[in-house]
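First the structure, in the form of C-alpha cells, and then the observations on it.
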C-alpha cells in the first residue's frame, strides 16, 4: 500500500505497469487470460450472502457509546462494516485489485465509497463520498474520519464532479457518449488524469450502500463496467430471527444481512470464502478492530 512516485503519462502509456491508482499485479497465466475470457465486469459478477450474528456486536456498540458519551457521533453497524472492509484491504490485498485494459492491478490505496443523504426524505440530496484509509487505521480512526466527512458533506453543496456531471447532462447525447468513450480510452491506456480518479466513486476499492438505514432489506447490486471498482457491498437492516437451540428451546437473535458483489476475475473462490470468513469474524468480534 505504500505510495510511490508514479511515472509520467508517456512512461505509463508504453510500460502499462503503472497507473495513478495501482501497479500491475503478479498473477499466474490463467488469471491473465480471465479478462479476455470474461470481457466485462458486469459479466464477471459473483454474488454472496453473509448473515452476521449481531448479539455480541450490539452489546459492544452499546458499551462503546456509553464510554464515549461526550461525542455527538455514535458507533453504528455501518462504521463497523467500514472498519472491517478496511482490514480486508490490508489482510486480504487481492480484494483490493481491479482490472483495466484487460490487465489486473494492485490498488495502491484503500478507498471506500458510500452515500450520505443530506435529509432523510425523498427530495433529500445524496452525496457520494470517497473515504481513504491507511493500513494502520483502527476502529477509532475510521469512526473519526466518517464523522468528519458526514459533518463536512451535509453542510456543503455538490462537489466538483457533481457540478461537472450536471453540466454534462445538459449536453446533446452524442457529446455525452463521446465524453464517456474518451474517458474509457484514457483509462485503458493508463493516462486518465489523477483528478478524475480522485473525485469519481467508480475508481475505488469498494462501494457500500446502507439501505438498512432506510429500514430496507439488502439488495443484490450490480458492478459498473465504467471505472475500476471490483467490490460492491449492500447492508440491510438488523432484524430478528428465531433460532432453535439444541435443547429444543427457541430464542430470538439479531442478525445483519450483507450482500457482496465481486469481480470474479481478481481472485479465486477459495480466497473469497476466506475473506468473507475474516469479515464475519471482525463484525461478530468488533473488539478486534480496536
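The values are calculated or read from the model by the stated rules, or taken from the named source; none is laboratory data. Note that the structure is predicted; figures quoted are calculated from it, not measured. In this analysis, Cβ positions are derived from the backbone assuming ideal geometry, glycine residues included, and neighbour counts consider all displayed protein chains.
Please count how many residues of segment 228-285 are within 16 Å of the chain's Cα centre (by Cα) and without any contact (Cβ under 8 Å) to a residue 40 or more places away in the chain.
Adding up the residues that qualify gives 3.
Return a yes/no flag: does segment 42-51 have any residue that is under 30 Å from residue 151 (Cα atoms) and in contact with a strand residue (DSSP E or B) (Cβ under 8 Å, 6 or more places away or on another chain). Full working, then the answer.
Of the residues in segment 42-51, the ones under 30 Å from residue 151 (Cα atoms) are none.
Scanning segment 42-51 turns up no residue that is under 30 Å from residue 151 (Cα atoms) and in contact with a strand residue (DSSP E or B) (Cβ under 8 Å, 6 or more places away or on another chain).
Results for (1) under 20 Å from residue 203 (Cα atoms); (2) in a strand (DSSP E or B); (3) modelled with pLDDT of 95 or more, shown as yes or no for each residue.
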| site | (1), (2), (3) |
| --- | --- |
| 64 | no, no, no |
| 74 | no, no, no |
| 86 | yes, no, yes |
| 104 | yes, yes, yes |
| 122 | no, no, no |
| 136 | no, no, yes |
| 140 | no, no, no |
